[in-house]
Structure formats: C-alpha cells, structure tokens
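Below is one structure, written out as structure tokens; the observations come after it.
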Amino acid sequence: MATPTPLRYVCKMTFNFKAELARGLKTLGLEMADAAYEPLEFYFYELKKWNKKVNLIAKSTGDVEIVEKHFLDSLTLLPFLQDEGAHLLDIGTGGGFPGLICKAALGESLKLTLVEPRLKRVSFLRHIVRSIRLDNVDIRANRLEDEPDLTQDSFSHITCRAVTEIGAFVEMVAGFSATGAQLICMKGPKWSEELDAAKTIVESSGFKVGEHVEHVLPQSGAKRTLLFFDKR
C-alpha cells in the first residue's frame, strides 16, 4: 500500500485530480488502493510545477490530458505488477512514466529501477521519491548501455515508453533475455503492423511474443495496447 505523503497543497484548486483519476480508473476497469490517491495527487501538482522549468511533458498539455496520457496510461500496468517479488525496470523513464507512477500507486509491494540519462529529470524523480517516502527505488542517472550490471538483476518486468518501435526495444534489452524478465511494450493502435515489421528481430532474440491487452483511454478514445514478450 502506498505511503501517504505529509505534503498537502493548501492553495485553492480548480481541478479535481482525484475525481478525474477515479473516473478514468473506473472506465478502464482498474482498481487502486484509496491510499494511493494522495501521493499521486502530489505527483501531479509537482509535475506541473517542475515542468515550467524542466522539460518533463509538453508545455501545452492540459490537466485532463496529463491525467489520461501520463497517469492513467501508466496505471494500465497495475494488474501485472502486483505479484509478490515484482521488480520493474523502466528504461528512459523521463518524468517517471510509467514506472514511478505505478510505484506511487503500489507502494512497498513493487520494487523499481529507473534508468534516465537527463540529470534535470533525475532531480525531479529523486524529489518525488523523497517527498512521498518511497522505498526500494533505484534511480540510475545514465543510459542503459552504460549500466551493464543491470543484466545481473532479477527483474520481473521491463518496459520503456521512450522507445517507439518494438524492434528497437527488443534489441535494446537483448541482454536481459536469460533473466526471465517479461517485456511490456506500450503501444498504440498500429501495434500489429509494427510487430510484423519487427518479426525478424524478435525471432532472432531470446524473447517470444506473448499475450496482448487492449485499452481505450476514457477522454480521448485513444487505443492503447500492452504487448508482452516472454523468455523464449
């Protein structure tokens, strides 16, 4: 269960983050502990504040779009990260999507490793981790190729929203194929065509295509698919 943050915003808010998030979760059929709303709300307002000076998300992104595109989209991973011993590796996490969002929602039950080379974004990630008192979060301020020791760790899942193509993602994490980690690609509506284009790369890797789970985001109607790859 997520640890409630002692930090509260006392200014008058015109946007009801908790209500918007709750509506979206219900539409998506996702369940989240009540205790997770407060740290995620803190995360939301700190994201907006930091984004004025640090490039975390597009400056023009409105509140509803932030909740949908960055929070709800990240939280679609929740059902797959709740087993005992779950350890997520999130590569190129940027502002913490999806890894740190899921960690804030799940709390101690999820172990998390974030890889992010841009130092200003790393400062933001560390601020969030410290402020909402999250344990078992390892932040690597580097590129994945400069962290060869990570292939020796026991990750249950690996994801990356920063890499847009399936083939590039599978190639990037090829060194993890022997560990038994499951890959999660977060894709849009053309995932099938993209998978076909990556067929040769996938077949020569240590991974095989597993299940896929589809969602429709509640406000925009955008189609999202979680595509899983298992150890061959």
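Please treat every number below as a calculation from the coordinates, not as lab data. Computed from a predicted structure; not experimentally measured. Reconstructed Cβ throughout: ideal geometry from the backbone, glycine too, with neighbour counts over all protein chains shown.
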*Tell me, Kirkwood radius of the range 181-232 from alpha-carbon pair distances, in Å?*
11.7
*If R0 is 30 Å, what FRET efficiency do you get for Gln82 and Lys190 from their C-beta distance, rounded to 0.05?*
0.55
*At a Förster distance of 30 Å, what's the computed FRET efficiency of Lys26 paired with Asp149, Cβ-Cβ distance as r, to 0.05?*
0.15
*Are any of the pairs Lys52/Lys120; Lys18/Lys53; Lys48/Lys187; Lys59/Lys120 more than 18 Å apart by Cα-Cα distance, and if so, which?*
Lys18/Lys53; Lys48/Lys187
_Cα-only Debye scattering, the chain: base-10 log of I(q)/I(0) at q = 0.08, 0.11, 0.13 Å⁻¹_ = -0.28, -0.53, -0.75
*asked:* Let's test the formula: R0 of 25 Å, r as the Cβ-Cβ distance of Lys18 and Glu211. What FRET efficiency results, to the nearest 0.05?
replied: 0.20
